[in-house]
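Visitor: My questions all concern the structure below.
The values are calculated or read from the model by the stated rules, or taken from the named source; none is laboratory data. Just so you know, these numbers come straight off a predicted model, no measurement behind them. So basically every Cβ, Gly included, is an ideal-geometry build from the backbone, and we count neighbours across all protein chains shown.
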Amino acid sequence: MTADQEFEGTGETRFFAMKSDEIFDTRHFTLIFINSDSVTNVTRLNRINKRRVLIFIGNLDGIISFGKGKSDDYEGAFEKAFKKLRQNIVCVPLDRRMSVTKRLNGQHNDFRIKIYPQKQANFWGNPYIWKMLLYTGFTNCRFMCKSRKRDPYSMIYAYFNAVTKNETPRSIAEQTGQKMWNMSYGNHTGVAGEMEPDNNF
């Protein structure tokens, strides 16, 4: 099967064409180009160069994915990355009225990220992270990240590790057996993001 047979259309549009077995409209997603680089494998005979790309997509409603591709040239790397995008789709539990309900922690290698619920969004810091938070659908949060190395692959793994732990107010209510109505906010040393039952109900 050729690339033109697998993807509808020609050129770069073939990556965004919706397949017959897909239920998510690709027009609702926003693509973020995270990183591109070159890696070299030194052997006894010669050096083998490969191109790598890392991309992210989100639809502002909890459907996100990332893809990484490696090939001899950037065109082949992009093609593999877009194929991985379709395989790595994740549905993050999300309520539009209260998108982040608790502290979310993620870590991969040296990269650490913490996401805190907040009444209003405070996207200050790493531009890639706040863009990913925005297109994930998180509208009431702030974040902190810490790393000695700026490795985009560790960043994307830590991010997915954190956001996939999110819960909706309804799921928390079902787990605790209580009506959840109020949320208390505080700093990272307080009780930020702890759900409180409304005793007046």
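So that you can scan it fast, the table gives a plain yes or no per residue for (1) outside the structural domain of Gly67 (by TED's automatic domain parsing); (2) free of Cβ contacts under 8 Å to residues at least 24 places away in the same chain; (3) within 14 Å of the chain's Cα centre (by Cα); (4) over 19 Å from Ser171 (Cβ atoms):
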residue: Met98; (1), (2), (3), (4): yes, no, no, no
residue: Asn109; (1), (2), (3), (4): yes, no, no, yes
residue: Gln118; (1), (2), (3), (4): yes, no, no, yes
residue: Pro127; (1), (2), (3), (4): yes, yes, yes, yes
residue: Thr136; (1), (2), (3), (4): yes, no, yes, no
residue: Met144; (1), (2), (3), (4): yes, no, no, yes
residue: Lys149; (1), (2), (3), (4): yes, no, no, yes
residue: Ser154; (1), (2), (3), (4): yes, no, yes, yes
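Visitor: Being closer than 30 Å to Thr168 by Cα, among the basic types (Lys, Arg) and at pLDDT 90 or above is the requirement here; does Lys80 meet it?
Guide: Against the criterion (closer than 30 Å to Thr168 by Cα, among the basic types (Lys, Arg) and at pLDDT 90 or above), Lys80 does not qualify.
Visitor: Where in the stretch 106-201 are there strands (runs of 3 or more DSSP E), lying fully within it, with 2 or more residues that are buried (at least 19 other Cβ atoms within 10 Å of the Cβ) and modelled with pLDDT of 80 or more?
Guide: Qualifying strands (runs of 3 or more DSSP E): 111-117, 141-146.
Visitor: Kindly provide the set of residues from the stretch 83-94 that are in contact (Cβ under 8 Å) with a residue 60 or more places away in the chain, farther than 15 Å from Ala121 by Cβ and not in a helix (DSSP H, G or I), ordered by number.
Guide: If the condition is that a residue be in contact (Cβ under 8 Å) with a residue 60 or more places away in the chain, farther than 15 Å from Ala121 by Cβ and not in a helix (DSSP H, G or I), then Ile89, Val90, Val92, Pro93 are the ones that fit.
Visitor: I've got another one for you. Restricting to the stretch 66-77, what's the tally of residues that are under 23 Å from Arg150 (Cβ atoms) and either touching a Gly at 6+ places or on another chain (Cβ under 8 Å) or without any contact (Cβ under 8 Å) to a residue 12 or more places away in the chain (or both)?
Guide: Number satisfying all stated conditions: 2.
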